[in-house]
Amino acid sequence: EQSGSGRRPERERSGEEGPAERGPGAAFHMFVLMEDLLDKLKLLSYEEEALRRHNMRPLSRHYFALPTNPGEQFFMFCTLAAWLITRAGRPFEQPQEYDDPNAVISKVLSELRSF
């Protein structure tokens, strides 16, 4: 499957590997990423600064790794994104739970691009 040029196969470069090609630990990679994210949020005191202000519960170690309640998870993501953008020194309006998801994501991405 490898060409004579020494380059990786197209499928591997594009990230379209199946679970077997990525190795046995690939299924748990998302859990590791979530634990790292949670550690970083705790270093930034997200519980005191972001969650208490919005009367929200702290995240579990696997909150974003497992799809349990997509609407709630999306709102938590948007709340954290808005808080992080504000924390980085940019004014950003806190999204509301029933805002249009496409509009919210568009605003977040626009702000991140401006960084």
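The values are calculated or read from the model by the stated rules, or taken from the named source; none is laboratory data. All values reported here derive from a predicted model rather than from experimental measurement. In this analysis, Cβ positions are derived from the backbone assuming ideal geometry, glycine residues included, and neighbour counts consider all displayed protein chains. Surface areas here come from the heavy atoms of the whole protein model, side chains and all, with no ligands, DNA or RNA. Shrake-Rupley method; radii C 1.70, N 1.55, O 1.52, S 1.80 Å.
Checking Arg53 against (1) within 25 Å of Phe31 (Cβ to Cβ); (2) open to solvent by 50 Å² or more (accessible area, probe 1.4 Å), only one condition comes out false. Which one?
Arg53 satisfies all of (1) within 25 Å of Phe31 (Cβ to Cβ); (2) open to solvent by 50 Å² or more (accessible area, probe 1.4 Å) except (1).
May I ask you to list pairs of residues, at least six apart or on different chains, whose Cβ atoms are under 8 Å apart, with the first in segment 33-54 being on the phi < 0 side of the Ramachandran plot and the second being surrounded by 13 or more Cβ atoms within 10 Å (Cβ to Cβ) and basic (Lys, Arg)?
Hits for this filter: Leu44/Arg87; Glu49/Arg87.
Can you list residue pairs whose Cβ atoms sit under 9 Å apart, with the first residue in segment 89-100 being surrounded by 10 or more Cβ atoms within 10 Å (Cβ to Cβ) and the second being assigned to a loop (DSSP other than H, G, I, E, B)? Count only pairs 6 or more apart in sequence or on different chains.
Arg90/Phe115
Take the conditions exposed (fewer than 13 other Cβ atoms within 10 Å of the Cβ), assigned to a helix (DSSP H, G or I) and of a type in the set (A, V, I, L, M, F, W, C) and apply them to Leu33. Does it pass?
yes
With respect to Ala82, determine if the residue is surrounded by 15 or more Cβ atoms within 10 Å (Cβ to Cβ) and either touching a residue at least 12 places away in the same chain (Cβ under 8 Å) or on the phi > 0 side of the Ramachandran plot (or both).
On the way: surrounded by 15 or more Cβ atoms within 10 Å (Cβ to Cβ): yes; either touching a residue at least 12 places away in the same chain (Cβ under 8 Å) or on the phi > 0 side of the Ramachandran plot (or both): yes.
It is true that Ala82 is surrounded by 15 or more Cβ atoms within 10 Å (Cβ to Cβ) and either touching a residue at least 12 places away in the same chain (Cβ under 8 Å) or on the phi > 0 side of the Ramachandran plot (or both).
Of the conditions (1) assigned to a helix (DSSP H, G or I); (2) open to solvent by 70 Å² or more (accessible area, probe 1.4 Å); (3) modelled with pLDDT of 90 or more, Pro58 fails just one. Which one is it?
Going through (1) assigned to a helix (DSSP H, G or I); (2) open to solvent by 70 Å² or more (accessible area, probe 1.4 Å); (3) modelled with pLDDT of 90 or more one by one, Pro58 breaks only (1).
Got a number for residues in segment 96-109 being of a type in the set (Gly, Ala, Ser) and under 16 Å from the mean Cα position of the chain (by Cα)?
1
Could you grab the pairs with beta carbons closer than 6 Å, sequence gap of 6+ or different chains, first residue in segment 102-115 and touching a residue at least 12 places away in the same chain (Cβ under 8 Å), second one in a helix (DSSP H, G or I) and β-branched (Val, Ile, Thr)?
As it stands, the answer is Glu111/Ile85, since those pairs meet every condition given.
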